[in-house]
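Take a look at the structure below.
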Amino acid sequence: MLATKKAPRNGAKATILMIVMMALILGYFFYLRNKGAKANSSAAMEENVQQEMTTVQEMIARAPYKEYPATPVQVLKYYNEISACFYNEEYSNEELEGLAHLAQGLYDTELIANQTWDAYISNLKNDIQTFHDGNITVYKSEVTPATDVEYFTHNGYECAKLYCMYTLKSGTVYQSSREVYIMRKDGDGHWKIYGFQLVDQIDN
């Protein structure tokens, strides 16, 4: 009699234990599924944000993590990337100023001192408007090979002289011009753009 009374209680305990275990297993399953869904959703959102960034936004966003270019050629190539954004891309006024700060970050302090920030921005906007009015874009730029850079000393500063050939496009018309750049090394060992000017213009 005692044995027959205990059997149902043991069976009930076993049933309850199985239900609890199933609930835990199902709960953990749904937790993992929801966690994976959230992770995938976050990754998708991050990917969409990255895909939606413009060339200018990417340029500005990566700047704080970019090491300063090590050679005059690399400095000029980076400067040309920024310049191409000025004339070829669309951006807000705030983004224009962000690009302008990047460009000035490559200038020698004496070059920066030649004009105020407001004058620099005003002249830059005028140049950009001239390009837009003429439907002109920077088609390509070719910097002097590293082996052709001329190094010299001036007033105690290490300096470098190099050239860049720019090709501009307006509709089906292409025009090339060559500019010479002078750079000098600052106290941190960084090559800075000290000055530049047009050397010659070539009609294609």
Of the residues in the range 98-115, those that are farther than 23 Å from Ser141 by Cα and in contact with a helix residue (DSSP H, G or I) (Cβ under 7 Å, 6 or more places away or on another chain) come to Ile112
Over the range 102-153, the set of residues of a type in the set (Phe, Trp, Tyr), more than 20 Å from Ala70 (Cβ to Cβ) and exposed (fewer than 14 other Cβ atoms within 10 Å of the Cβ) is Trp117
Scanning the range 171-189 residue by residue, those surrounded by 16 or more Cβ atoms within 10 Å (Cβ to Cβ) and in contact (Cβ under 8 Å) with a residue 40 or more places away in the chain turn out to be Tyr181, Met183, Arg184
_Please verify whether Thr130 is polar (S, T, N, Q) and either without any contact (Cβ under 8 Å) to a residue 12 or more places away in the chain or assigned to a loop (DSSP other than H, G, I, E, B) (or both), treating the condition exactly as stated._
yes
Being without any contact (Cβ under 8 Å) to a residue 40 or more places away in the chain and in contact with a strand residue (DSSP E or B) (Cβ under 7 Å, 6 or more places away or on another chain) narrows Tyr65, Tyr157 down to just Tyr157
In the range 138-176, anything assigned to a strand (DSSP E or B), polar (S, T, N, Q) and out of contact with any Leu (no Cβ under 7 Å at 6 or more places or on another chain) is listed as Ser141, Thr153, Thr167, Ser170, Ser176
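We did not get these values from a lab; they are worked out from the coordinates using the rules stated. Please read all numbers here as calculations on a predicted model, not as lab measurements. Using ideal geometry, Cβ is built from the backbone for each residue, glycine included, and neighbour counts are taken over all protein chains shown.
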